[in-house]
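First the structure, in the form of structure tokens, and then the observations on it.
The values are calculated or read from the model by the stated rules, or taken from the named source; none is laboratory data. Not measured: the values here are computed from a predicted model. A quick note on method: Cβ atoms are made from the backbone with ideal geometry, for glycine too, and the neighbour counts reach across all protein chains shown. Side chains included, ligands, DNA and RNA excluded: accessible areas come from the protein's heavy atoms. Shrake-Rupley method; radii C 1.70, N 1.55, O 1.52, S 1.80 Å.
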6 protein chains.
Amino acid sequence: MRLTRRYRFAASHRLHTPALSEEENRRLYGKCANPFGHGHDYILDVTVEGPVNADGRLVDRAALDGLVRRHALARVEYRNLNQDLPEFAHVVPTTENLASLVRDLLLDGWDLPARLAHLRISETDRNAFDLEVGRN
Amino acid sequence: MRLTRRYRFAASHRLHTPALSEEENRRLYGKCANPFGHGHDYILDVTVEGPVNADGRLVDRAALDGLVRRHALARVEYRNLNQDLPEFAHVVPTTENLASLVRDLLLDGWDLPARLAHLRISETDRNAFDLEVGRN
Amino acid sequence: MRLTRRYRFAASHRLHTPALSEEENRRLYGKCANPFGHGHDYILDVTVEGPVNADGRLVDRAALDGLVRRHALARVEYRNLNQDLPEFAHVVPTTENLASLVRDLLLDGWDLPARLAHLRISETDRNAFDLEVGRN
Amino acid sequence: MRLTRRYRFAASHRLHTPALSEEENRRLYGKCANPFGHGHDYILDVTVEGPVNADGRLVDRAALDGLVRRHALARVEYRNLNQDLPEFAHVVPTTENLASLVRDLLLDGWDLPARLAHLRISETDRNAFDLEVGRN
Amino acid sequence: MRLTRRYRFAASHRLHTPALSEEENRRLYGKCANPFGHGHDYILDVTVEGPVNADGRLVDRAALDGLVRRHALARVEYRNLNQDLPEFAHVVPTTENLASLVRDLLLDGWDLPARLAHLRISETDRNAFDLEVGRN
Amino acid sequence: MRLTRRYRFAASHRLHTPALSEEENRRLYGKCANPFGHGHDYILDVTVEGPVNADGRLVDRAALDGLVRRHALARVEYRNLNQDLPEFAHVVPTTENLASLVRDLLLDGWDLPARLAHLRISETDRNAFDLEVGRN
């Protein structure tokens with residue numbers, strides 16, 4: 001069985017690669033390359049997988065929430081991804097790269113009996129990024 | 001009859017008043033005062049009011065969309081409200097103040113036979129700001 | 001107190017005025033004038049107003065549902081508005097005109113102690129039409 | 001300007017009037033009269049109205065959340081409305097009556113400069129109850 | 001091809017294991033252990049899989065709806081899961097256990113040519129439980 | 001990694017097989033067989049899969065949007081599926097068959113480095129059709 005639990009966070013970013021000229025960045029990322037950045041209300045869906053325990057639950061909700069909050073949300077919410085996160089000092093903070101970072105942050109801190117199975121980050125109501133997480 | 005038409009835009013902002021100390025800003029605005037800002041996917045609902053014309057419509061959708069785009073969205077979408085908009089050079093860009101600005105921008109450019117009746121700006125799925133617009 | 005109850009129906013329509021040429025219809029209604037029509041999943045929100053009775057309710061839900069179903073939904077759901085409804089033989093079935101028709105159909109059949117206060121018809125997730133209903 | 005802020009709570013209730021027989025209760029409330037009750041995830045939208053302050057805000061969000069939590073949510077969330085609330089010892093806990101109770105609870109505890117303007121309680125995605133609140 | 005069809009039902013439950021003390025139940029389930037229970041509007045998504053028939057359909061919608069209604073919804077909707085369902089006399093009615101029960105109920109009654117492939121039960125908008133169903 | 005991007009289109013259809021009598025069509029498709037058709041607002045979710053490029057993206061959004069628009073949406077939006085599409089001259093335009101057509105249209109035009117992995121078409125908020133797409 002899998003449980004998917006939903007979290008939300010607001011952050012800002014700018015899509016811009018220092019290796020390219022302003023004009024190339026503009027061609028590549030359009031208005032997302034505007035110099036002062038813009039933002040989103042991201043939705044993060046965390047899916048865990050495992051057997052149901054004697055208490056009828058797949059995972060302790062409070063433990064899962066605490067882990068997600070400490071290891072992922074505390075790093076990104078109300079943040080400017082480009083300027084507040086060293087991981088994005090030389091990597092462009094697209095939602096693809098943000099999804100990979102959140103997976104790594106969660107795996108680093110993971111100490112629950114159920115395994116982390118899947119992540120989805122939605123940016124606006126039109127784009128969602130899915131990452132299946134291998135055995136952990 | 002009233003027609004409410006929905007638009008969306010992404011922007012970033014920082015809640016911070018230069019008149020106050022960092023500590024006071026932090027107490028007042030919490031994490032929304034983080035120095036590099038954060039962002040939202042705003043939803044803008046524009047309500048127009050008027051009689052239904054012979055062609056069965058309250059307002060020409062393309063004309064309304066063009067007006068909203070030129071006079072409001074072009075100013076705010078993919079922008080950093082604090083740094084890209086001179087109107088927020090000395091005014092804190094809360095969603096309350098953003099709603100007032102969008103109303104002023106729309107009224108300045110309004111040239112449709114139907115009148116602008118109401119504005120709603122939603123920031124995340126938990127906060128919505130409503131402004132009834134007087135005779136125009 | 002007001003209760004708003006939500007109904008849904010699927011229908012098709014074509015925006016086209018016989019008084020105008022094909023070219024003028026196309027200019028006025030765009031792709032909505034395509035000759036064979038297109039369709040929508042409409043959402044109808046019916047708002048009733050009145051005092052709360054001794055049984056703790058503003059209106060009997062089953063009675064309201066029956067009235068809406070018999071007098072409005074039965075006329076429009078799974079219908080082609082242009083060809084199935086005599087009311088649209090000479091009137092273009094825009095959502096504005098559909099909202100007025102639904103109000104008239106409901107008022108004609110209204111036999112509930114609570115009054116009909118408001119109607120909203122949403123066509124796609126971007127357009128909603130509101131009609132405040134006077135004393136009845 | 002008005003701000004509407006959204007809260008959610010889960011509760012259970014049974015629609016049943018001791019003054020009536022089982023059969024009459026069943027006729028009146030249908031399956032909602034089942035003896036052991038059932039439940040809902042209610043959505044509570046609280047609307048406050050007032051001028052925008054020098055800090056760019058209509059109301060302090062933390063103060064509003066604290067008031068709503070202490071005076072309303074703490075009374076109803078994860079509760080059985082019939083058995084946990086003395087207010088429903090002799091009053092049937094329909095959503096109409098729940099809306100009136102929440103309004104009274106909020107007005108009793110109200111100590112914010114902005115006034116309480118409106119309440120909406122939604123029970124399932126098909127029924128919403130609106131209460132305009134007079135001067136307070 | 002897969003078709004996912006959505007159903008909704010309201011029910012109440014209490015998370016409580018008689019094998020544990022009140023204090024341990026409280027520590028384990030938090031406010032969900034409140035003695036008189038609380039409730040939810042559950043969303044049930046039933047996914048069937050199979051080839052598309054000559055009539056252009058994967059499954060007859062009326063047959064699927066009838067089966068889901070008779071074998072699953074009729075057992076749980078407007079019910080108190082703890083007190084109305086013998087299956088939960090000695091099993092705590094968490095949504096995990098409810099999902100397993102609904103799968104068993106559907107498999108017991110399954111008589112459609114398309115196979116039952118997947119179930120999802122959502123409890124509030126933050127938690128969803130997924131069960132992939134093996135060959136049947 | 002997978003990206004799912006959402007598109008919407010309005011169209012109309014009639015469920016009707018010329019090989020059957022009116023009465024048999026009615027028995028099979030119910031009100032969906034009404035002679036003049038009805039319509040829906042379809043939601044199309046297109047999922048692409050592939051590695052993340054040096055620019056931090058899985059696929060160029062503008063290229064994907066252009067491909068979906070030219071090869072799929074341009075054929076179906078604001079159309080009567082039965083009368084405007086030769087593919088449905090002898091095939092009943094159920095959403096199952098529409099999903100297969102959209103997959104074929106996208107595969108025919110596919111020229112992106114990321115592969116087309118999955119399609120979902122939702123018709124009303126109760127039915128969604130999923131097609132996993134094999135290697136391409």
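A single member of F:R103, F:R75 is basic (K, R) and under 27 Å from C:A33 (Cβ atoms), and it is F:R75. Residues in region D:34-61 that are at pLDDT below 95 and aliphatic (A, V, I, L, M): 1 in all. Tell me yes or no: at least one residue of region B:51-58 is within 14 Å of chain A (Cβ to nearest Cβ) and more than 25 Å from A:D125 (Cβ to Cβ). No; the residues of region B:51-58 include none that is within 14 Å of chain A (Cβ to nearest Cβ) and more than 25 Å from A:D125 (Cβ to Cβ).
Here's the yes/no breakdown for (1) in contact with a Ser or Thr (Cβ under 9 Å, 6 or more places away or on another chain); (2) part of a helix (DSSP H, G or I):
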site: C:V68; (1), (2): no, yes
site: C:N82; (1), (2): yes, yes
site: C:V92; (1), (2): yes, no
site: C:V102; (1), (2): no, yes
site: C:D108; (1), (2): no, yes
site: C:H118; (1), (2): yes, no
site: C:D125; (1), (2): no, no
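Contact map, region F:83-99: first residue without any contact (Cβ under 8 Å) to a residue 12 or more places away in the chain, second residue open to solvent by 10 Å² or more (accessible area, probe 1.4 Å) and hydroxyl-bearing (S, T, Y), Cβ cut-off under 8 Å, separation 6 or more or different chains; the map is empty.
If you filter region C:42-53 down to residues that are among the hydrophobic types (A, V, I, L, M, F, W, C) and surrounded by 19 or more Cβ atoms within 10 Å (Cβ to Cβ), you find that the one that is nearest to the chain's Cα centre (by Cα) is C:L44. Kindly indicate whether C:G39 is free of Cβ contacts under 8 Å to residues at least 40 places away in the same chain, buried (at least 21 other Cβ atoms within 10 Å of the Cβ) and either in contact with a Gly (Cβ under 8 Å, 6 or more places away or on another chain) or within 17 Å of D:N127 (Cα to Cα) (or both). Yes; evaluated as a whole, the condition is true for this residue. If you scan region F:82-110, which residues turn out to be touching a strand residue (DSSP E or B) at 6+ places or on another chain (Cβ under 8 Å) and aliphatic (A, V, I, L, M)? Of everything in region F:82-110, those that are touching a strand residue (DSSP E or B) at 6+ places or on another chain (Cβ under 8 Å) and aliphatic (A, V, I, L, M) turn out to be F:L85, F:L98, F:A99, F:V102, F:L106, F:L107. When residues in region A:17-32 are screened for being open to solvent by 40 Å² or more (accessible area, probe 1.4 Å) and more than 11 Å from chain B (Cβ to nearest Cβ), 10 of them pass. From the list D:R79, D:R70, the one residue that fits, being in contact with a strand residue (DSSP E or B) (Cβ under 9 Å, 6 or more places away or on another chain), open to solvent by 40 Å² or more (accessible area, probe 1.4 Å) and not hydroxyl-bearing (S, T, Y), is D:R79.
Inside region C:1-34, residues that are touching a helix residue (DSSP H, G or I) at 6+ places or on another chain (Cβ under 8 Å) and touching a residue at least 12 places away in the same chain (Cβ under 8 Å) make up a count of 14.
Against the conditions (1) facing chain D (nearest Cβ under 9 Å); (2) in contact with a Leu (Cβ under 9 Å, 6 or more places away or on another chain); (3) aromatic (F, W, Y), E:Y7 satisfies every one except (1). Based on what the data block shows, is E:R70 within 14 Å of chain D (Cβ to nearest Cβ), charged (D, E, K, R), touching a residue at least 24 places away in the same chain (Cβ under 8 Å) and on the phi < 0 side of the Ramachandran plot? No: the conditions fail for E:R70.
Could you tell me which residue of region C:103-132 is most open to solvent (accessible area, probe 1.4 Å), considering only residues that are under 13 Å from the mean Cα position of the chain (by Cα) and among the aliphatic types (A, V, I, L, M)? Residue satisfying both the conditions and the ranking: C:L107. Open to solvent by 60 Å² or more (accessible area, probe 1.4 Å) and assigned to a strand (DSSP E or B): does that describe B:R8? So B:R8 fits the description; yes. For region F:54-67, a tally of residues being surrounded by fewer than 16 Cβ atoms within 10 Å (Cβ to Cβ) and among the aliphatic types (A, V, I, L, M) returns 3. In region D:89-102, which residues are crowded, with 16+ Cβ neighbours inside 10 Å and more than 10 Å from every other protein chain (Cβ to nearest Cβ)? Within region D:89-102, D:L101, D:V102 qualify.
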